[in-house]
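Step one of this worksheet: look at the structure below.
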Amino acid sequence: MIDFTLTEEQKACQNLVRNFAQKEIVPIAHELDEEQRHSPELVEKYFELGLLHYTVPEEYGGAGLGTLDGCLMGEELGAACGGIAATFGQNTLGLTPFLIAGNPELKEELLVKHTSGPNLAAFCLTEADAGSDNAAMRSTAHLEGDEYVINGTKRFITNGGIASLYSIFAKEDPELGYKGISTFMVPADTPGISSGKKEDKMGMRSSDTREMIFDNVRIPARYRLGEGFDGFKIAMMTLDSTRPGVGSAAVGIARAAQEAATAYAKERVQFGKPIAEFQAIQFMLADMAIRINAARLLCWHAAWLYDNGHRNTMESAIAKCFASDSAMEVTTDAIQVLGGYGYMKEYPVEKYFRDAKLHQIWEGTNQIQRWVIARQLLR
Ligand SMILES: Cc1cc2nc3c(=O)[nH]c(=O)nc-3n(C[C@H](O)[C@H](O)[C@H](O)COP(=O)(O)OP(=O)(O)OC[C@H]3O[C@@H](n4cnc5c(N)ncnc54)[C@H](O)[C@@H]3O)c2cc1C
């Protein structure tokens, strides 16, 4: 049997985040976007709510929640502000390699400290010459005695300048291509780490995106995750787990755009009646609802598979791809429904459009998602 009923705990969590997002985030979302400003206060408040480190098991100071819970929260945060959802979401992304491949001793040492406060993590994979082609990365890590020395420059790293813990992907053996990549957890106060200037972005402007420079960064050998040389696999497993949440954040943006468009259509009068009475407008609103509902279910399904121990590589790629493509369609049409005002910053829909765009690009572009899906089909 299939049951889409949320548990009482899931409904409570969804309501908690919805109230928080509408009360704390929505009133300042426009200002943060305009000023391209990160809000440590919001991170602090979300931490106080007990949800900042929601995927971390309780024994390590987290909330011990799953990927589906993350979808519920991601949609509410996305509906309030894509940039804030990105800041919180990338903390989860940065911690996921640790949760997948960290040993208990290292979790006691680094993770418990991280979850004890409003700390953010960052996921450092992308480089100038290694975007979609991660395996082309040039960052290196070599063992000297009982320390690893990491060198390299990562690009477009969310939370780059504000994180206290980094998951870094670097090649232990460059000759081995993607098979030579390992993953390391590195505290931000380690000497040799610096960040470039904050990127001036189209959307998600309240999130902090920077180049990260790792110059002879020395860490204890025990900070390497897994068995070593398995970094590519850890990265792919991480993305299988986080893509449903990315899709859900896109669903949230689309939902907010549809709600704004529906409210406007009921109020705006042209030719003597509300524009909501024109079938052309009604069909745009209906198409929004079709896309949003379908995308939500795809995300929930991909998350459910992951939470229940099933491989979800194809389903999470489908969910992320469809949800973000849908968010672009919905936000584009929302601007259309508002006409000239849709194009103005006075109304929120142009921000939804700008924020939605990133979801087609990061955590693997939607061309790469289609590649992942096709590879699974053709196996
Ligand atoms: C705001 C922002 C925040 C980000 N945050 C992070 C982060 O926290 N951590 C991190 O590691 N990365 C992060 N990224 C990087 C992001 O994941 C990459 O930008 C993305 O993977 C694409 O890489 P690229 O920009 O180098 O584009 P490219 O790989 O150069 O792609 C350019 C175009 O070519 C297409 N393309 C490339 N290869 C193929 C192919 N084989 N088949 C078909 N089409 C192809 C792409 O789909 C795209 O349309 C962030 C990016 C942005 C913009």
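Summary of computed values
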quantity	calculated
Helix-only [θ]222 nm of the chain, DSSP H runs n ≥ 4, -39500 (n - 2.57) each, per residue, nearest 500	-16500 deg cm²/dmol
Theoretical FRET efficiency, 1/(1+(r/R0)^6), r = Cβ-Cβ of Glu147 and Gln336, R0 51 Å, to 0.05	0.35
Cβ-derived FRET efficiency at R0 30 Å, Glu346 paired with Met236, nearest 0.05	0.10
The range 223-379: translational diffusion in µm²/s, Stokes-Einstein, Kirkwood Rh over Cα pairs, 20 °C, 1.002 mPa s	128
DSSP-loop trypsin sites (Lys or Arg not before Pro) across the range 128-161, with at most 16 other Cβ within 10 angstrom	Arg138
In Å², nearest 10: area of Phe353 left accessible to a 1.4 Å probe	70
Cβ charges +1 (Lys, Arg) and -1 (Asp, Glu), total dipole of the range 186-317, debye	140
Net charge of neighbours whose Cβ lies under 11 Å from the Cβ of Ala128, counting Lys and Arg as +1 and Asp and Glu as -1	0
Only Lys, Arg (+1) and Asp, Glu (-1) charged, at Cβ; the range 252-379 dipole about Cα centre in debye	300
Rounded to whole Hz, the Karplus (6.51, -1.76, 1.60) HN-Hα couplings of the range 246-255, x for glycine and proline	4, x, 5, 4, 5, 4, x, 4, 4, 4
Simple label model, 7 Å out from Cα along Cβ direction - Phe283 to His310, nm	3.6
16 Å cut-off, amide nitrogen to a point 7 angstrom out along Thr190 Cα→Cβ, residues in the range 63-94	94
The chain - percent relative contact order, Cα under 8 Å, separation 6 or more	17
Cα gyration tensor category, rounded, prolate or oblate, for the range 211-278 with a/c compared to 1.5	prolate
Selection from Gly78, Phe123, Trp371 lying farthest towards where the dipole of the chain points positive, charges on Cβ	Trp371
Considering only the chain, percent of DSSP beta bridges that pair antiparallel, nearest 5	85
Zero-based 5 Å bins, Cα pair distances in the range 307-379, whole percents	3, 17, 21, 16, 14, 11, 9, 6, 3, 1
Net dipole in debye of the chain [+1 Lys, Arg Cβ; -1 Asp, Glu Cβ; about Cα centre; nearest 20]	880
Point-to-point label distance, Thr365-Glu34, nm (Cα→Cβ direction, 7 Å offset)	3.4
The chain - Rg (one decimal) and Dmax (whole number), Cα, Å	20.9, 80
Over the range 113-209, relative contact order from alpha-carbon pairs under 8 Å, at least 6 apart, %	28
Overall form of the range 1-121 per C-alpha gyration tensor (a/c, 1.5; a/b vs b/c)	oblate
Loop-located GluC sites (Glu not before Pro) in the range 207-312, at most 11 other Cβ atoms within 10 Å (DSSP)	Glu227
Rounded, prolate or oblate (a/c below 1.5 giving rounded, otherwise prolate when a/b exceeds b/c) for the range 1-52 by Cα gyration tensor	prolate
Contact order normalised by residue count of the range 204-290, Cα under 8 Å, 6+ apart, percent	17
Rounded FRET efficiency, nearest 0.05, which uses the C-beta distance separating Gln270 from Arg138 and R0 of 41 Å	0.10
For a label point 7 Å along the Cα-to-beta-carbon line of Asp215, residues of the range 163-189 with backbone N under 13 Å	none
For the range 99-158, convex hull of alpha carbons as volume per residue, Å³	122
Over the range 268-342, equivalent-ellipsoid semi-axes from the Cα gyration tensor in Å	35, 11, 7
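The values are calculated or read from the model by the stated rules, or taken from the named source; none is laboratory data. The structure displayed is predicted, hence computed values, not measured ones. Ideal geometry is used to build each Cβ from the backbone, glycine not excepted, and the neighbour counts take in all protein chains shown. These accessible areas exclude ligands, DNA and RNA; they are computed on the full protein's heavy atoms, side chains included. Shrake-Rupley method; radii C 1.70, N 1.55, O 1.52, S 1.80 Å.
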